[in-house]
Each structure stands twice: as structure tokens, then as C-alpha cells.
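Working notes, structure below.
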Amino acid sequence: MLIRIPPRSRCDSSEITPESVYLSRRRFMGAGAALLGSAALPVWAQAQAPASGYEGVEPGNPPGWFAQKLDGARWKAMEVAGESITPFQDASHYNNFYEFGPDKGDPAANAGGLPTEPWTVKIDGAVGKPGQYSLEDLVQPHTLEERIYRMRCVEAWSMVIPWLGFPLGDLLKRAEPSSKAKYVSFETLSDPEHMPGQKSRFGLIDWPYREGLRMDEAMNPLTILAVGMYGRVLPNQNGAPLRLVVPWKYGFKGIKSIVRISLVEEQPYTTWQNLAPNEYGFYANVNPQVDHPRWTQARERRLPSGLFSPNVRDTLMFNGYGDEVASLYQGMDLAKYY
Ligand code: MTE
């Protein structure tokens, strides 16, 4: 069954996938699984003319449990009305993942060898039920949802990406946060052998990459942990096998390849705030009225973008998700808490 999240802003969920399309996808996935054993195929790959943005989507190399979760996923649980999905090729080849190098093409070129299975995630800190989970066990109780979100990088480029994930808040509830849980802290894998950037100390980053959210931000229904995109498992360069997606914040909050989630009492250390506190704040809410010290944040380049068609558009307050999240920051000076 397809479940709608009621639209309350420019994020429109009105175009829920018709049941016939959904069922044909499922049939196709069944046939594909029969052909390729446990490998899942991208859900759009069966279309004669693939929907815009999904051209060239490869199935990747998903673990068996991922294919099973896809079967029960809620497709198009949330969409961006009137804006095209960014081509998969751009979303998977124009990346920031400094563990694999500083250039936009480095993650796609260098992340392929990162072992993502088995993968464990530790949940600790101010929780009643701390634990160390295999990714399969972590995801198992949750229904995957396709959330099509805008992503706005602090560098003033943006994309529209169909993620597959589940609400972070649902996972945190399972861990039973105590009254001391005021923030959530996230940590990326440390693996200099497979992450060459961690050897080079690129840009003076104090590895591992770390990020954080306030507890109410983490519990907001828009905040998800993603295990896939474009109907397939996450490519390594996009943060396989588990990454954070917080669509109203700048992209650097979306920490990749997460191995630890800690509930803490104090505002946690975060990588970019530590590196350049005058340029990157803890909150990092998309805000066209608060410029980066070195460039304007009023406009953005929507990928694909080129010299002759730069595809520039106005940046939206909270990246267009204000109806859902503005109340979190009521009374706060957002120029101070950037
Ligand atoms: N997570 C880790 N571990 N390392 C990184 O370098 N870069 C961040 C974020 N998550 C980064 C990370 C930045 S700056 C951005 S804009 C997004 O990932 C980019 O996500 P994408 O490459 O999937 O578009």
C-alpha cells in the first residue's frame, strides 16, 4: 500500500505513483531478482523510456536484505513539485566525500573499493537501549520510503535526489532516549586503508568526519537515514551504506558512511564548524539571507549546469521546507546561529 505524507509546503506528495506502475515495478523486480539471483535492479529500469533523471541507473551490488526491503517500500512518499530529478550521472559523479579526495570526481573514482558489507552501527550515549547493530538489523524494523528532496550545498550548487530511507526519529525512539539526550552526534567510518583522504589529512580535517543535530531536528519527520537513491542501493561515493539526509540544511550536514550515532547532552563537535567556525555553523540551515563570508547564498546553480546554461535559481528559505521546520527556530537569530 502507498502511504502519503500530507503536503504542507512546496514539497508536494500529490503525484503518488499509480498502482498499476507500482505493481509493474514489483513484477519487474521479481523477474529481475530471478535473473540475477539476489541482486536488486533499479526500480525504474523496466521502463521503455526511463523517467527523467533515472537514465543510466545501475543496480549496484546490494546485499540480499536490500532487495527484500525494496519490495515493501513506499514509492514517492514525498516529491518536489515542478522540479526535475537531477540525472543519476550528476548525482553520482559530482560529489563531496573528502575521505576519497578533494575533487568532485574523486569519490566516484576512488570509493568503489570501500567494503560496505558487513557493516555495523553503534548506538550509544543517553539511551536506555545502547547497542551495536548490523546494518540489516538496524534497517529491518523500518519501511523504506522514497523521499524526493532538494539538496543545497553550502557551495551554492543544488540537486533534486530521490532517496530511499526511513525517519531517523523512528530509529532513535527504538533506542529509548533519556532526558539527557539533547543532541545527536554522528561519526563516519575510520578506514585510512580504503579512504585515502584520511591519510592525507586533506584540508586539516580531524578524521573521522563528524556531524550533529539538535534532538528536535533529529526527530523531525523530514530527517531520514538513507540506504539508497534512484531506486537502488547507495553508490559508495554517495555515502554507502548509510547516510544522513536533512533537506533544509546545507549538504555538509548529510554525513556519509555512518558507523556511530550517539545521543549526548552537549552540542557535539562537528567537522566543518571546527575547521572554519566563521564560515560553517552548527545549524547550517539553508538561508538565502545569510551569506557565506566569501559568496552569496541568495542564488544557487541547479545541476546539470554549464557555461551556456548555468541553470541558476533563487535559493529558498530552509530550502523550501519552512512549513515543516521554521517553528524549530522560533525566536532564534538565524544570522547568529547560522
Ligand atoms: N560525509 C563525509 N563522511 N565526508 C564528506 O566529505 N561531505 C559533505 C556531505 N557528507 C562529506 C560528507 C558535503 S560537503 C556534502 S555537500 C555532501 O556530503 C555531498 O553529498 P553528495 O556527494 O552525495 O552529493
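Taking region 189-241 as the range and being closer than 20 Å to Trp163 by Cα, of a type in the set (Asp, Glu) and more than 14 Å from the ligand (Cβ to nearest atom) as the test, only Glu217 passes. Val127 fulfils the conditions (1) within 15 Å of the ligand (Cβ to nearest atom); (2) open to solvent by 10 Å² or more (accessible area, probe 1.4 Å); (3) not charged (D, E, K, R) except for a single criterion, (1). Kindly establish whether Gly254 is within 11 Å of the ligand (Cβ to nearest atom) and farther than 24 Å from Trp75 by Cα. No, not satisfied. May I ask you to list the residues in region 193-204 that are surrounded by fewer than 20 Cβ atoms within 10 Å (Cβ to Cβ) and in contact with an Asp or Glu (Cβ under 9 Å, 6 or more places away or on another chain)? Those that are surrounded by fewer than 20 Cβ atoms within 10 Å (Cβ to Cβ) and in contact with an Asp or Glu (Cβ under 9 Å, 6 or more places away or on another chain): His194, Pro196, Lys199, Phe202.
Go through region 161-217 residue by residue and tally those that are among the acidic types (Asp, Glu), free of Cβ contacts under 8 Å to residues at least 40 places away in the same chain and in a helix (DSSP H, G or I).
Step one: filter region 161-217 for residues among the acidic types (Asp, Glu), giving 170, 176, 187, 191, 193, 206, 211, 216-217.
From what is left, the residues that are free of Cβ contacts under 8 Å to residues at least 40 places away in the same chain are 170, 193.
Filter again for in a helix (DSSP H, G or I), leaving 170.
Total meeting the criteria: 1.
Name the single residue that is farthest from the ligand (Cβ to nearest atom) among those in region 257-275 being buried (at least 17 other Cβ atoms within 10 Å of the Cβ) and in a loop (DSSP other than H, G, I, E, B). Here the answer is Pro268. Being open to solvent by 30 Å² or more (accessible area, probe 1.4 Å), more than 13 Å from the ligand (Cβ to nearest atom) and modelled with pLDDT of 95 or more is true of Ser84.
Residues in region 286-294 include at least one that is of a type in the set (A, V, I, L, M, F, W, C) and either more than 14 Å from the ligand (Cβ to nearest atom) or open to solvent by less than 20 Å² (accessible area, probe 1.4 Å) (or both). For Asn278, the test of being away from the ligand (no atom under 13 Å from the Cβ), closer than 21 Å to Gly101 by Cβ and not in a strand (DSSP E or B) is failed.
The values are calculated or read from the model by the stated rules, or taken from the named source; none is laboratory data. It should be emphasised that the depicted structure is a prediction, and the values quoted were computed from it without experimental measurement. Positions of Cβ are backbone-derived with ideal geometry, glycine not excepted, and every protein chain shown enters the neighbour counts. We work out accessible area using only protein heavy atoms, side chains counted, and drop any ligands, DNA or RNA first. Shrake-Rupley method; radii C 1.70, N 1.55, O 1.52, S 1.80 Å.
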